[in-house]
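Remarks on the structure that follows.
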Amino acid sequence: MPSPCDSKHAAVGDVGAALMMIDSRLKAIYAGKAGTDPEQQQLIDHFTASLGPEEAEDLVDGACTLIYMFVQWLRMAHEDQDSDVIEYVVPSFVASLRMMPKSVRPEVIPTMVGLVVAAATGLSPNLWRKQYGDWTGDEMNSLEATALLLAEHINRLTGDHDFATRMVTEALSRSNQD
(Lines give C-alpha, C1' and ligand atoms only; values in the text may rest on other atoms or scores of the structure.)
Protein backbone atom coordinates (compact mmCIF):
# COMPACT_ATOMS: atom_id res chain seq x y z
CA MET A 1 0.00 0.00 0.00
CA PRO A 2 1.45 3.39 -1.00
CA SER A 3 2.30 5.78 1.79
CA PRO A 4 1.52 9.52 1.78
CA CYS A 5 5.05 9.88 3.20
CA ASP A 6 6.64 8.19 0.17
CA SER A 7 9.65 10.18 -1.00
CA LYS A 8 8.16 10.62 -4.48
CA HIS A 9 5.57 12.99 -2.93
CA ALA A 10 8.15 15.18 -1.16
CA ALA A 11 9.33 18.62 -2.15
CA VAL A 12 13.06 18.69 -2.85
CA GLY A 13 13.56 22.17 -1.43
CA ASP A 14 16.70 24.26 -1.58
CA VAL A 15 19.27 21.49 -1.51
CA GLY A 16 22.03 23.84 -2.66
CA ALA A 17 21.67 26.20 0.31
CA ALA A 18 21.33 23.31 2.77
CA LEU A 19 24.42 21.65 1.28
CA MET A 20 26.37 24.91 1.48
CA MET A 21 25.62 25.16 5.21
CA ILE A 22 26.56 21.53 5.89
CA ASP A 23 29.70 21.73 3.76
CA SER A 24 30.91 24.87 5.54
CA ARG A 25 30.40 23.18 8.93
CA LEU A 26 32.27 20.08 7.73
CA LYS A 27 35.18 22.17 6.45
CA ALA A 28 35.42 23.91 9.84
CA ILE A 29 35.43 20.57 11.65
CA TYR A 30 38.09 19.11 9.37
CA ALA A 31 40.18 22.27 9.81
CA GLY A 32 40.17 21.55 13.55
CA LYS A 33 38.23 24.63 14.49
CA ALA A 34 36.47 24.09 17.81
CA GLY A 35 33.04 25.61 17.92
CA THR A 36 31.58 27.81 15.26
CA ASP A 37 33.67 30.49 13.62
CA PRO A 38 32.01 33.77 14.70
CA GLU A 39 32.30 35.24 11.19
CA GLN A 40 30.82 32.12 9.61
CA GLN A 41 28.03 32.06 12.20
CA GLN A 42 27.27 35.72 11.49
CA LEU A 43 26.99 34.94 7.76
CA ILE A 44 24.71 31.98 8.42
CA ASP A 45 22.58 34.02 10.84
CA HIS A 46 22.32 36.83 8.30
CA PHE A 47 21.37 34.37 5.56
CA THR A 48 18.70 32.62 7.63
CA ALA A 49 17.31 35.94 8.92
CA SER A 50 16.89 37.10 5.32
CA LEU A 51 14.67 34.12 4.50
CA GLY A 52 10.96 34.56 4.21
CA PRO A 53 8.60 31.78 5.29
CA GLU A 54 8.67 30.05 1.88
CA GLU A 55 12.46 30.21 1.61
CA ALA A 56 12.82 28.90 5.16
CA GLU A 57 10.51 25.99 4.32
CA ASP A 58 12.56 25.34 1.17
CA LEU A 59 15.73 25.24 3.28
CA VAL A 60 14.15 22.73 5.69
CA ASP A 61 12.96 20.64 2.72
CA GLY A 62 16.48 20.83 1.28
CA ALA A 63 18.00 19.61 4.56
CA CYS A 64 15.52 16.73 4.62
CA THR A 65 16.43 15.87 1.03
CA LEU A 66 20.09 15.75 2.07
CA ILE A 67 19.22 13.45 4.95
CA TYR A 68 17.29 11.22 2.57
CA MET A 69 20.16 11.11 0.06
CA PHE A 70 22.77 10.42 2.73
CA VAL A 71 20.72 7.64 4.33
CA GLN A 72 19.97 6.06 0.96
CA TRP A 73 23.70 6.01 0.16
CA LEU A 74 24.41 4.47 3.57
CA ARG A 75 21.60 1.93 3.06
CA MET A 76 23.06 0.81 -0.27
CA ALA A 77 26.58 0.65 1.20
CA HIS A 78 25.35 -1.51 4.08
CA GLU A 79 23.30 -3.74 1.79
CA ASP A 80 26.48 -4.40 -0.21
CA GLN A 81 27.97 -5.71 3.03
CA ASP A 82 24.83 -7.72 3.93
CA SER A 83 24.18 -5.48 6.92
CA ASP A 84 21.31 -3.28 7.98
CA VAL A 85 21.74 0.49 7.90
CA ILE A 86 19.40 1.01 10.85
CA GLU A 87 21.30 -1.49 12.99
CA TYR A 88 24.71 -0.05 12.22
CA VAL A 89 24.09 3.68 11.77
CA VAL A 90 21.36 4.60 14.25
CA PRO A 91 23.14 3.63 17.52
CA SER A 92 26.26 5.68 16.75
CA PHE A 93 24.06 8.49 15.40
CA VAL A 94 22.12 8.60 18.69
CA ALA A 95 25.35 8.54 20.69
CA SER A 96 26.69 11.46 18.64
CA LEU A 97 23.51 13.48 19.12
CA ARG A 98 23.64 12.86 22.86
CA MET A 99 27.16 14.32 22.93
CA MET A 100 25.81 17.61 21.55
CA PRO A 101 23.58 18.86 24.41
CA LYS A 102 24.09 22.55 23.53
CA SER A 103 22.84 22.04 19.96
CA VAL A 104 20.50 19.08 20.32
CA ARG A 105 17.93 18.97 23.10
CA PRO A 106 17.40 15.42 24.44
CA GLU A 107 13.66 15.48 23.71
CA VAL A 108 14.36 16.12 20.00
CA ILE A 109 16.61 13.07 19.54
CA PRO A 110 13.71 10.63 18.98
CA THR A 111 12.39 12.87 16.19
CA MET A 112 15.80 12.97 14.48
CA VAL A 113 16.08 9.20 14.78
CA GLY A 114 12.61 8.96 13.25
CA LEU A 115 13.79 11.06 10.29
CA VAL A 116 16.73 8.72 9.72
CA VAL A 117 14.62 5.57 10.05
CA ALA A 118 11.98 7.05 7.74
CA ALA A 119 14.66 7.74 5.12
CA ALA A 120 16.11 4.24 5.57
CA THR A 121 12.71 2.76 4.77
CA GLY A 122 12.23 4.93 1.68
CA LEU A 123 9.98 7.53 3.25
CA SER A 124 10.49 11.28 3.02
CA PRO A 125 11.92 12.56 6.30
CA ASN A 126 10.04 15.83 5.86
CA LEU A 127 6.67 14.26 5.07
CA TRP A 128 7.15 11.79 7.92
CA ARG A 129 7.81 14.70 10.32
CA LYS A 130 4.98 16.87 9.00
CA GLN A 131 2.39 14.31 10.01
CA TYR A 132 3.13 15.27 13.63
CA GLY A 133 2.64 19.01 13.12
CA ASP A 134 4.82 21.98 12.33
CA TRP A 135 8.55 21.98 12.84
CA THR A 136 9.68 23.55 16.11
CA GLY A 137 12.53 25.96 16.68
CA ASP A 138 14.31 23.36 18.81
CA GLU A 139 14.34 20.98 15.86
CA MET A 140 16.20 23.32 13.50
CA ASN A 141 19.67 22.91 15.08
CA SER A 142 18.99 19.21 15.43
CA LEU A 143 18.01 18.94 11.77
CA GLU A 144 21.28 20.58 10.74
CA ALA A 145 23.20 18.32 13.15
CA THR A 146 21.50 15.26 11.67
CA ALA A 147 22.52 16.13 8.11
CA LEU A 148 26.01 17.05 9.31
CA LEU A 149 26.52 13.80 11.23
CA LEU A 150 25.30 11.68 8.32
CA ALA A 151 27.58 13.50 5.86
CA GLU A 152 30.54 13.14 8.22
CA HIS A 153 29.75 9.43 8.65
CA ILE A 154 29.82 8.96 4.88
CA ASN A 155 33.06 10.91 4.58
CA ARG A 156 34.62 8.80 7.32
CA LEU A 157 33.51 5.54 5.65
CA THR A 158 34.93 6.61 2.29
CA GLY A 159 38.08 8.21 3.70
CA ASP A 160 37.29 11.35 1.70
CA HIS A 161 36.37 14.61 3.46
CA ASP A 162 34.47 15.85 0.40
CA PHE A 163 32.69 12.65 -0.65
CA ALA A 164 29.20 13.43 0.72
CA THR A 165 29.21 16.97 -0.67
CA ARG A 166 30.55 15.80 -4.03
CA MET A 167 27.96 13.00 -4.21
CA VAL A 168 25.09 15.49 -3.79
CA THR A 169 26.66 18.06 -6.11
CA GLU A 170 27.07 15.43 -8.83
CA ALA A 171 23.47 14.26 -8.35
CA LEU A 172 22.25 17.85 -8.66
CA SER A 173 24.33 18.33 -11.82
CA ARG A 174 22.90 15.14 -13.36
CA SER A 175 19.34 16.19 -12.51
CA ASN A 176 19.88 19.61 -14.11
CA GLN A 177 21.14 17.93 -17.29
CA ASP A 178 18.03 15.74 -17.57
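Summary table below
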| read-out | value |
| --- | --- |
| Hull-based mean projected area of segment 138-178, where the convex hull spans the alpha carbons, in square nanometres | 3.4 nm² |
| Largest-first ordering by accessible area, 1.4 Å probe, given options Ser142, Ser92 | Ser92, Ser142 |
| Anisotropy class of the chain from Cα gyration tensor, a/c 1.5 cut | rounded |
| Those aspartates and glutamates that a straight Cα-Cα span of less than 16 Å connects to Lys27, excepting residues fewer than 8 apart in one chain | Asp37, Glu39, Glu144, Glu152, Asp160, Asp162 |
| Förster radius 41 Å - calculated FRET efficiency between Leu43 and Thr121, Cβ distance, rounded to 0.05 | 0.70 |
| Residues Ala95 and Ile29, FRET efficiency given R0 of 25 Å [Cβ-Cβ distance, rounded to 0.05] | 0.90 |
| Choice from Asp84, Asp14, Asp61 with maximal GNM fluctuation in the chain (Cα, 10 Å cutoff) | Asp84 |
| Pairwise label distance in nanometres, Leu172 with Glu55, each label 7 Å out on the Cα-Cβ vector | 1.6 nm |
| Candidate lysines - alpha carbon under 21 Å from Lys33, same-chain residues fewer than 8 apart omitted | Lys102 |
| Segment 92-171: C-alpha gyration tensor shape, a/c 1.5 cut-off, then a/b vs b/c | oblate |
| 21 Å Cα-Cα reach of Lys130 towards lysines, excluding residues that sit fewer than 8 places from it in its own chain | Lys8 |
| Relative contact order, percent, segment 1-113 [alpha-carbon distance under 8 Å, six or more residues apart] | 31 percent |
| Trypsin sites (Lys or Arg not before Pro) restricted to DSSP loop in segment 1-77 with at most 13 other C-beta within 10 Å | Lys33 |
| Rounded if a/c under 1.5, otherwise prolate or oblate - segment 1-75, Cα gyration tensor axes | oblate |
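The values are calculated or read from the model by the stated rules, or taken from the named source; none is laboratory data. Only a predicted model underlies this, so the values are computations on that prediction, with no experimental measurement involved. Ideal geometry is used to build each Cβ from the backbone, glycine not excepted, and the neighbour counts take in all protein chains shown. The protein model used for the area step is the full one, side chains on, heavy atoms only, and it has no ligands, DNA or RNA in it. Shrake-Rupley method; radii C 1.70, N 1.55, O 1.52, S 1.80 Å.
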